[in-house]
Amino acid sequence: MAWDEWEQLKAEAAASGAPRMQLNQLDPGSGPVRPAPDPGQYGELRASQGDLAAIGSHAFDLYNDLWNKGRRAVPTSESAAGKLSSAGFALGGALQHVALRWDEQLGSLRDACAHISNHMAVTKKLHAGDDHYIRRQMSSIDVLDAGFDESVGDPGKPNPVYGEKDDKKGNKN
């Protein structure tokens, strides 16, 4: 779209009094704005290997059930579609189309279930190393914070993190 055309469309919209679009904000008159909830109040997301294995197992069961039970309608529908088409009914072609789409969608759903099942089987192991790394990094930050926090020691006494002062040179050890 050319810039002139864009400017023309904007001018026409403004002149016609068309409703305006607002993005990423509330209408100022819509009521009080509530602060976002504190994420800390919800706790931590925890998933054990057992939880992930159970999800993977259910996905695998669904995968098998979709094959065993979901395909039952396809041969019957295809047979009925052939009979209707040979009898001259237009409905036969439509039923054949529905059977084909059902089979395609069933395959997509089975692929998704297989992906979930496989992914849940390895997720916990893959991310366990990340969790340990993050914990190590956070504990390092706590040690650094203690060094910068002047209130760690007793009131009126130097922070022990900095060490003792050398009285001769006026430097810390």
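Residues that are over 17 Å from His58 (Cα atoms) and open to solvent by less than 70 Å² (accessible area, probe 1.4 Å) within the stretch 109-130 comprise Ala128, Gly129, listed in sequence order.
Of the residues making up the stretch 60-104, those that are over 30 Å from Met120 (Cβ atoms) and assigned to a helix (DSSP H, G or I) number 22. Here Arg136 meets the list (1) open to solvent by 60 Å² or more (accessible area, probe 1.4 Å); (2) modelled with pLDDT of 90 or more almost entirely, failing just condition (2). Might you check whether a residue that is modelled with pLDDT of 70 or more and β-branched (Val, Ile, Thr) occurs anywhere in the stretch 70-85? Looking for residues that are modelled with pLDDT of 70 or more and β-branched (Val, Ile, Thr), one finds at least one in the stretch 70-85, hence yes.
The values are calculated or read from the model by the stated rules, or taken from the named source; none is laboratory data. Keep in mind it's a predicted model, so treat the numbers as computed, not measured. All Cβ positions, even for glycine, are placed from backbone atoms using ideal geometry, and neighbour counts span all protein chains on display. The area values use the complete protein model at the heavy-atom level, side chains included, leaving out ligands, DNA and RNA. Shrake-Rupley method; radii C 1.70, N 1.55, O 1.52, S 1.80 Å.
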